[in-house]
Amino acid sequence: MSKRVGEGTVELTSRPRVAAWSSTVGKKEREGPLGISFDFTLGDDLLGQKTWELAEAAMLRDTVCRCMDKAGLEPEDADVLLSGDLINQIMAAHFCARELRVPMLGLYSACSTMSEALAIGGMLVDSGAARRAVCAVSSHFSTAERQFRTPLEQGGQRPASAQWTVTGAGATLLCGKDYAPDNAETVVSMRYATIGRVIDYAIKDMSNMGAVMAPAAADTLERHLLDIGRAADDYDEIITGDLGKVGRDLLLELLKEKGVKVDRNRVWDCGASIFSPEQDAHAGGSGCGCSAAVLNGHILGRLMKGEARRVVFMATGALLSATSVLQGETIPGVAHLVVLERDGE
Amino acid sequence: MNGIKTKRQQAIEKHYKDLVGQFTPNHALAMNLVRAFLWGGAICTLGQCVSETGKTYLGLGQSETSAFTAIVMVFLGAFLTGLGQYDRIGKHAGAGSIVPITGFANSIVSAAMEFRREGLVLGVGARMFVIAGPVLVYGIGASVIVGVIAYLVGLF
């Protein structure tokens, strides 16, 4: 049963198993440094659909199906789907769920939705409310650009701190101890979840999301370590969602100011790693699909192979809306954290 | 909600703002200026060539030449946008390709293309001027004001 530890961390005492995972990315992401770790690459980023939004929904649906298939299950074998994306009213997630016929909880916390889904999914499985929970999120460059920025073909320049929305999706299947399918690799489980506080340090610059989210990431990590009495060095890797290069540097600086000792080499960011400098993505990738695809490709792959044994996965989100930006409001940030461990840790 | 921020919060925000400034890479200002100058100059030179062609070879009058040049340049901007090339130029040229009339065409056509799938009326029709709209409103507004002032000054 889930147990509260400290001020804001939940220990999942039954340790929900990570039974299967799957990731899908677009062509640009495939060409990046982590390219080979993704399961599936889109040949056509419209997926033969009429609109970008339907394409994103189809990508998410296919990713969920592939994830369930890897565990030898049908999508209906999940008791709940926890899903979200970046389009208004999380259209991609809902349109994906309408075809899957799995009970669904729609989530939105911008680019931190993957770790939010894992945290809630983990608690549902741990409490016995769900035998199996599938957590799946997506983002698509072409739906996010038109939602938050300018039309695709408009010719303008992006500042050096700007990030590139990843076209990608990731799905993770969490199972209770007795409900993991026999054929699934289940050496990895979820141990802790720390729900983030919404932090606003009065940044208004939409093209510097890393600066918006870094204070939230620093806050969540500090609280987590304090709650469970671990040091940052107890983790092989501390992985953030999409802070990008600017945000990662700011996170390290903020942690130093807070007196949280971390080894710089163990802190890395999905957004800063998914593209190479030659790919012209400026400060790195962003979008819920960024951390979701990297988790469900690179990170879980490494955990399974034993290249990392115990990691923090902390996706970060910038909580702006098209309305709030036009109204001149500052941008709040949030970061949810989950701990993934191999058995025997 | 209308937060009266505590002194402490204000200090944190001020300090963080400095940090962000320190860690955010600068835009390559000098390089951007040079590029914008060269691209903007090239586009305007092309416009001048079109204008001269109209005047010399097609025998157009002064106002006809202006209209001819505008039509050709807007067509080029729109055409390159349709081919998906104008945004590539814009990446390098910055203001160099936004300020000339080709950039104006780009802002309208790109929005029209983007929202085509929401239909001809509420998509293309409503969204076409989403970027160019403010330019038109304040451009035309300013010209009316200047016109009125010029008229009044002319009375005396």
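The values are calculated or read from the model by the stated rules, or taken from the named source; none is laboratory data. All of these numbers come straight from a predicted model, not from anything done at the bench. Please note: Cβ atoms are built from the backbone with ideal geometry, for glycine as well, and neighbour counts cover all protein chains shown. Ligands, DNA and RNA are excluded from the accessible area calculation, which covers all protein heavy atoms including side chains. Shrake-Rupley method; radii C 1.70, N 1.55, O 1.52, S 1.80 Å.
Quick look at the numbers
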read-out: Segment A:196-223 - residue that is among the acidic types (D, E) and within 13 Å of chain B (Cβ to nearest Cβ) and, of those, nearest to the chain's Cα centre (by Cα); value: A:D219
read-out: Conditions (1) at pLDDT 95 or above; (2) not assigned by TED's automatic domain parsing to the domain that holds A:D77; number of the one not met by A:S207; value: (1)
read-out: Segment B:90-104, subset open to solvent by less than 40 Å² (accessible area, probe 1.4 Å) and more than 18 Å from A:P159 (Cβ to Cβ), residue nearest to the other protein chains (Cβ to nearest Cβ); value: B:G103
read-out: Residue that is surrounded by the fewest Cβ atoms within 10 Å (Cβ to Cβ) [pool: residues in segment A:121-151 that are free of Cβ contacts under 8 Å to residues at least 60 places away in the same chain and in a helix (DSSP H, G or I)]; value: A:E145
read-out: Residue that is nearest to A:G247 (Cα to Cα) [pool: residues in segment B:1-16 that are within 11 Å of chain A (Cβ to nearest Cβ) and surrounded by 10 or more Cβ atoms within 10 Å (Cβ to Cβ)]; value: B:Y16
read-out: Scan of segment A:184-200 for residues that are among the hydroxyl-bearing types (S, T, Y) and at pLDDT below 95, ordered by number; value: A:T186
read-out: In segment B:17-46, the residues that are open to solvent by less than 50 Å² (accessible area, probe 1.4 Å) and touching a helix residue (DSSP H, G or I) at 6+ places or on another chain (Cβ under 7 Å); value: B:L19, B:V20, B:T24, B:A36, B:G40, B:I43
read-out: Segment B:105-127, residues that are assigned to a loop (DSSP other than H, G, I, E, B) and facing another protein chain (nearest Cβ under 10 Å); value: B:F115
read-out: Those residues of segment A:105-118 which are out of contact with any Phe, Trp or Tyr (no Cβ under 9 Å at 6 or more places or on another chain) and not polar (S, T, N, Q), in sequence order; value: A:L105, A:G106, A:L107, A:Y108, A:A110, A:C111, A:A117
read-out: Among (1) more than 19 Å from A:G26 (Cα to Cα); (2) open to solvent by less than 10 Å² (accessible area, probe 1.4 Å), the one test that A:M91 misses; value: (2)
read-out: Residue, least open to solvent (accessible area, probe 1.4 Å), within segment B:47-60, restricted to residues that are more than 13 Å from B:G77 (Cβ to Cβ) and part of a helix (DSSP H, G or I); value: B:G54
read-out: Enumeration of residues in segment B:92-139 that are over 20 Å from B:G47 (Cβ atoms) and β-branched (V, I, T); value: B:V121, B:V124, B:V130, B:I131, B:V137
read-out: Listing of helices (runs of 4 or more DSSP H) fully contained in segment A:260-345 that carry 2 or more residues being surrounded by 14 or more Cβ atoms within 10 Å (Cβ to Cβ) and not hydrophobic (A, V, I, L, M, F, W, C); value: A:270-274, A:288-294, A:300-305
read-out: Total residues in segment B:36-53, condition within 14 Å of chain A (Cβ to nearest Cβ) and over 16 Å from the mean Cα position of the chain (by Cα); value: 0
read-out: Strands (runs of 3 or more DSSP E) completely within segment A:1-67 that count 2 or more residues being at pLDDT 95 or above, outside the structural domain of A:Q279 (by TED's automatic domain parsing) and of a type in the set (S, T, Y); value: A:17-25
read-out: Members of segment A:201-222 found to be under 24 Å from A:L118 (Cα atoms) and open to solvent by 20 Å² or more (accessible area, probe 1.4 Å), listed by number; value: A:M209, A:E222
read-out: Options B:G77, B:G84, B:G133: the member that is within 14 Å of chain A (Cβ to nearest Cβ), closer than 30 Å to A:A160 by Cβ, among the small types (G, A, S) and assigned to a loop (DSSP other than H, G, I, E, B); value: B:G84
read-out: Residue match in segment B:129-140 (condition: surrounded by 12 or more Cβ atoms within 10 Å (Cβ to Cβ) and touching a Cys at 6+ places or on another chain (Cβ under 7 Å)); value: no
read-out: Complete set of residues in segment A:224-259 that are at the interface with another protein chain (Cβ under 10 Å from one of its Cβ atoms), buried (at least 18 other Cβ atoms within 10 Å of the Cβ) and of a type outside the set (A, V, I, L, M, F, W, C); value: A:K245, A:G247, A:R248, A:D249
read-out: Residue satisfying condition, being out of contact with any helix residue (DSSP H, G or I) (no Cβ under 7 Å at 6 or more places or on another chain), charged (D, E, K, R) and without any contact (Cβ under 8 Å) to a residue 12 or more places away in the chain, within set B:R117, B:R88; value: B:R88
read-out: Subset tally (residues that are within 21 Å of A:D205 (Cβ to Cβ) and of a type in the set (A, V, I, L, M)) for segment A:316-345; value: 9
